C-alpha cells in the first residue's frame, strides 16, 4: 500500500456501508447473510444493530458458525446461503471479519470469497481492527483474499493509534457509488458553481452533515511516519504480544485462553487459592469472578486498564490488547507483576 | 438552564432520533409528517436522508408550507395530518425547526405543539442551530414552546463554538428509552459486573460503538465560562449581527434578503454595474453570478470565508453567520470593505 494511496471515503458509521449495499442491489432484500457464530457473544454487535437501524430487522442477519479459534466456517456459510434461498430469501451480503474483537481472529477470506463468487454475493470485510496488518510485510498474509472484497471497513484509530475517530470505508467501485446512494443534492449546502472541482467535496457522499475532517490526522501521521514507520508500529505490537505470551507461560498464575494469532492476548489470572483446582465443580464460576475484582483494584490504584469479558461458554477472562506504540517490554513485565501483586490474596 | 443540568444523551447522528421515535410507537409506520416547505431547498436535508436510511423511504416525509420568513405554517401542518390520516397513513412525528440553516427562522412552537397534542403526535424540535439561544434571557423567547417537545436536538458546536462534533439529544422520557431502543447487550463490550453503577455507561445507548467523549468539551467550556459567560457569547453574536445589518443599510452595494431575527445575515452584494438595475430582465440572473465570483476571490486572497446559496426562487446570496466569539465590530467593517474592494470591478 503506497503512502499516497487515497482513501475513497471516510465514514464513522457502520450503518453507512449497509445502506450503501442495500441500494446497490436495488431490490427489496429480506435476508442478509452475515458472519458470526452460533453464540451471539461472538458476532460484532454492530452488524445486527445496523440491520435494525436500516429497517431490515435483526432477523435478516444469519449467523454463521465459527471454528474453535473464532474463524468463520466457509462450509457453514454456504449451507446458510443455500437454506436461505430455499426459503425464498434473497441473500445479498456476506460480512467477514479480519480481526475479531475478543480473540483477534481472521476469517479465511479466500475461501469466503469463493463462496461469494459462486453465489453472486457482495463481500464486505470488517477489517476495523485487523486492517492495519496490511502495512506489515511479515504479517499481512493474515488478510490474504481481502483484495477480492467489494468493500472493506478499516479503523486507523485502532491498531495505528490515530486519534478517535478515524474510519475508512474502501470500495472497489469506481462509479461514484457513495454519491449516487447518499447524495441529497442539498443545493443550499453543496453548491455546484464553485471554482474548483466539486467532485472533491465529500459532504454529500456520507451519512453525516457537519463533521470533523477525520482523514487529516491519518494523512499527517502517514506523512510523518512513512509506510515503514507504520509497518514498524504494527510489527512492534506483534513482538510485544509475543513477549507477553512467552512470559505468561513462565509464570504459574497465568493461563492463556488460546495461543494468539494477532495482538489480542486473552488469558485468565489464576489466583493462589485456585491454582491446581481446575476440574473442581465450582472452579469456572470462581475463576470468572477474579477478573472483575482485579479490574476494580487496578482502576482504583490507577495503575492499569485491562478489559475483560465472558465469551461463549467461557467465564470472564482478560484481553490485553497491545496497541499503544509507546509500550515497552518493561511495561509487559509491569503488567504481569502488577496482576500478581493485586491478586496475591485471592 | 442551570450550569449543572445533565445531558440525557449525546448523539452525533440525526438518524438516531428517528430510529428511536420509530421504536417508541411500536407500530409499522408508513408516513411521517415533517417540517419543511413546498420547496425542497428549504427543508434540512437530514430529515429525508434519515427517513431513507431507516428504511421508511423519503416518500414518508410530508413537507409542510413555510411562510415568507421560512417559518412552518401550523394550519398547513394540521391539513397534512388530516389528509394523511384520510389516506390511511399513520402520522407519528412532527419535526419543527428552531433556527433554520439559511434564514435562521424559528418555527412557532406553541402552535405546533397544540397541533401535536390534538393529534397525539411526537414533537421533535431540531434546535441544532438555534438551541443555544435558550442561554440568553434576552432572546430565548424565540424558542417559546420548546418545553413542550418530546425530543430536542442541539449542537453546541454551532452557536456556542464548541469543537466539532458536540451534539445533544434531549428527551422528556425518563424510562431509559435510548437503552431500551438501542441496547444490543453485547456482553463482551458492556460488562454488567462492574464495581460502579453501569447505568452511567452510555456506550450501549447510542448508534456508534467506539467514539469520542464529545460531552467533555461542552462540560469544560460550561465550567470555564459559566452560564453567564455563555449567555454573553450568545448575546454578543446577536449584537454583531445587528451592527452588520445596520451598516449594510448605510452602503449602497448591499441588499438584505430580509430583516434577520437571528444571527444569519442574508444579503446580496450588488456590484457597481448592477446598481439601480433591479427590474431589468436579466437582473436576477446576473446578480446570482456575483456571489460565486466573490467567493472565489476571497478564498484565493485568503481574506474571508462567507457561504452563499440559492434559496427557493431566489438566486445566490451570501449568508454571513456571526458565531465566532472572537469577532469584533472591526471585523464587521472589514467584511463590508473587503466585499466592496473585491467586487468593485463587477
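We did not get these values from a lab; they are worked out from the coordinates using the rules stated. No experiment lies behind these values; they were computed from the predicted model shown. Positions of Cβ are generated from backbone atoms using ideal geometry, with glycine treated the same way; all protein chains shown enter the neighbour counts.
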Which one, A:90, A:61, A:213, has the greatest fluctuation when you compute a Gaussian network model over chain A with C-alpha springs under 10 angstrom? A:213
Position residue B:344, label points 7 Å along Cα→Cβ, spacing to each other copy in nm (shortest first, one decimal): 8.2
Please rank B:72, A:298, A:248, fewest neighbouring Cβ atoms within 10 Å first, as an exposure proxy. A:298, A:248, B:72
Per DSSP H run of n ≥ 4, the term is -39500 (n - 2.57); total these for chain A, divide by its residue number, and report the mean residue ellipticity at 222 nm rounded to 500 deg cm²/dmol. -11000 deg cm²/dmol
Theoretical gain in end-to-end length, residue A:223 to residue A:341 [0.36 nm per residue, Cα-Cα removed]: 38.3 nm
What is the residue of chain B with the smallest Cβ distance to the axis taking B onto A, and what is that distance in whole Å? B:55, 1
Mean-square fluctuation maximum in Gaussian network of chain B, Cα pairs under 10 Å, restricted to B:247, B:87, B:110, hits B:87
In peptide A:51-59, what is the residue-averaged number of other protein chain Cβ atoms found within 10 Å of each Cβ? 4
So the FRET efficiency between residue A:114 and residue A:278, C-beta based with R0 = 30 Å and rounded to 0.05, is 0.15
Could you list A:158, A:194, A:49 in order of exposure, starting from the residue whose Cβ has the fewest other Cβ atoms within 10 Å? A:194, A:158, A:49
With axes computed from alpha carbons, what is the tilt in degrees of helix B:329-342 against the longest principal axis of chain B, rounded to the nearest 10 within 0 to 90? 60
Where does helix A:290-301 land angle-wise versus the long Cα axis of chain A, in degrees 0 to 90, nearest 10? 90
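By the gyration tensor of its Cα atoms, with a ≥ b ≥ c the square roots of the eigenvalues, what is the shape of the range B:288-337: rounded for a/c under 1.5, prolate for a/b over b/c, or oblate?
Here the range B:288-337 falls in the oblate category.
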Quick one: angle between helix B:14-25 and the longest Cα principal axis of chain B, in degrees between 0 and 90, rounded to 10, please. 40
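What is the mean number of Cβ atoms from other protein chains located within 10 Å of the Cβ atom of each residue in peptide B:247-254, rounded to a whole number?
0
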For labels at residue A:289 and residue B:75 in the simple 7 Å Cα→Cβ model, what's the distance in nm? 7.1
Hey, how many Å between the Cα centroid of the range A:271-340 and the Cα centroid of the range A:46-101? 32
Just counting partner chain Cβ atoms within 10 Å, what average do the residues of peptide B:206-213 show around their Cβ? 6
List the distances, in nm to one decimal, from the label point of residue A:83 to the label points of the same position in every other copy, shortest first, placing each label point 7 Å from Cα along the Cα-to-Cβ direction. 4.8
Would you kindly work out, in nm and rounded to one decimal, the distances from the label point of residue A:194 to those of the same position in each other copy, ordered shortest first, with label points 7 Å along Cα-to-Cβ? 4.1
What shape does the range B:110-224 have by the C-alpha gyration tensor, where a ≥ b ≥ c are the square roots of the eigenvalues, rounded means a/c under 1.5, and otherwise prolate means a/b greater than b/c and oblate the rest? oblate
In which sequence would A:45, A:308 go, from the one with the fewest C-beta neighbours within 10 Å to the one with the most? A:45, A:308
Between residue B:148 and residue B:179, the FRET efficiency computed from the C-beta separation at R0 = 25 Å comes out, to the nearest 0.05, as 0.55
Rounded to the nearest Å, what's the spacing between the alpha carbon centres of the range B:115-181 and the range A:102-156? Just the number, please. 42
Running a GNM on chain B with Cα contacts under 10 Å, which residue among B:239, B:98, B:128 ends up with the highest mean-square fluctuation? B:239
